[in-house]
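Step one of this worksheet: look at the structure below.
The values are calculated or read from the model by the stated rules, or taken from the named source; none is laboratory data. Quick caveat, the model's predicted, so the values are computed rather than measured. Here the Cβ positions follow ideal geometry from the backbone for every residue, glycine too, while neighbour counts run over all protein chains shown.
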């Protein structure tokens, strides 16, 4: 079956702009995770959804970052007033339930000029 | 708070040689432990996981890892490395603390020489 998909695969924006990154999890997976991976680093946890609600958003770096999952499936990560330091690969993963194997998408490479 | 340390930024081994990648974690209770591999241009792929039970776990591609509670370690091993194993390897710890969070180490890049 289809894996986790993320769109767009690449996004180039200017400093101060607003961006939305989309994640389509594997069908039936109730848990969804967002991570950020900077060059040479491991993925950094941002937020975790169980169903429609954010069960843990402690990894969001500041209030410019926000994520939603209104119907418990597709999720959107929203970044306001982008800064050059936001440049990274944003990864999405899903799992059948918390604590189990996470399946990762290919990521969205965000470049803020 | 949980954390993961991968002390080796990069390792070079000869094809056919054995491999051990080190991972130490910090967490107060029994953690969920994972090893992922990331090849250039590829997404993260799970190699193996430990939740409970037998402390020696087998994974895909001939990899295994051993959970040692006394050393807070979860080292990854392979008896004979293939050139196609060259990639970045990440150890991760997951724990339920009123929610669920997975913390990744910084990764170890494996180079394989002929």
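Please tell me if residue A:22 is surrounded by fewer than 19 Cβ atoms within 10 Å (Cβ to Cβ), within 12 Å of chain B (Cβ to nearest Cβ) and assigned to a strand (DSSP E or B). So residue A:22 fails the test. The C-beta contact set for region A:46-72 (first residue more than 13 Å from chain B (Cβ to nearest Cβ) and under 30 Å from residue A:84 (Cβ atoms), second residue modelled with pLDDT of 95 or more and surrounded by fewer than 18 Cβ atoms within 10 Å (Cβ to Cβ), distance under 7 angstrom, 6+ apart or interchain) comprises A:64/A:80; A:64/A:81; A:66/A:78; A:67/A:76; A:67/A:78; A:68/A:76. Considering only residues of region B:52-104 that are farther than 24 Å from residue B:29 by Cβ and within 14 Å of chain A (Cβ to nearest Cβ), which is nearest to the chain's Cα centre (by Cα)? Residue satisfying both the conditions and the ranking: B:89.
Evaluating residue A:14 against the criteria (1) in contact (Cβ under 8 Å) with a residue 40 or more places away in the chain; (2) surrounded by 14 or more Cβ atoms within 10 Å (Cβ to Cβ); (3) out of contact with any strand residue (DSSP E or B) (no Cβ under 6 Å at 6 or more places or on another chain) leaves one unmet condition, (2). Scanning region B:62-72 for residues that are at pLDDT 95 or above and either touching a helix residue (DSSP H, G or I) at 6+ places or on another chain (Cβ under 8 Å) or on the phi > 0 side of the Ramachandran plot (or both) returns a single hit, B:62.
Here residue A:59 passes the criteria (1) surrounded by 14 or more Cβ atoms within 10 Å (Cβ to Cβ); (2) over 10 Å from the mean Cα position of the chain (by Cα); (3) in a strand (DSSP E or B) except the one numbered (3).
Inspect all residues belonging to region B:82-103 and state whether any of them is surrounded by fewer than 19 Cβ atoms within 10 Å (Cβ to Cβ), touching a helix residue (DSSP H, G or I) at 6+ places or on another chain (Cβ under 7 Å) and in contact (Cβ under 8 Å) with a residue 24 or more places away in the chain. Within region B:82-103 (the criterion being surrounded by fewer than 19 Cβ atoms within 10 Å (Cβ to Cβ), touching a helix residue (DSSP H, G or I) at 6+ places or on another chain (Cβ under 7 Å) and in contact (Cβ under 8 Å) with a residue 24 or more places away in the chain), the answer is no, since none of the residues qualifies.
Every residue in region B:1-34 that is in a strand (DSSP E or B), modelled with pLDDT under 95 and loosely packed, with under 13 Cβ neighbours inside 10 Å, please. The one that is in a strand (DSSP E or B), modelled with pLDDT under 95 and loosely packed, with under 13 Cβ neighbours inside 10 Å: B:3.
Take the conditions surrounded by 13 or more Cβ atoms within 10 Å (Cβ to Cβ), in contact with a strand residue (DSSP E or B) (Cβ under 6 Å, 6 or more places away or on another chain), closer than 30 Å to residue B:8 by Cα and more than 8 Å from chain B (Cβ to nearest Cβ) and apply them to residue A:92. Does it pass?
Working: surrounded by 13 or more Cβ atoms within 10 Å (Cβ to Cβ): yes; in contact with a strand residue (DSSP E or B) (Cβ under 6 Å, 6 or more places away or on another chain): yes; closer than 30 Å to residue B:8 by Cα: yes; more than 8 Å from chain B (Cβ to nearest Cβ): yes.
Yes.
Note on region B:40-55: among residues that are within 12 Å of residue B:87 (Cα to Cα) and at pLDDT 90 or above, the one that is surrounded by the most Cβ atoms within 10 Å (Cβ to Cβ) is B:44.
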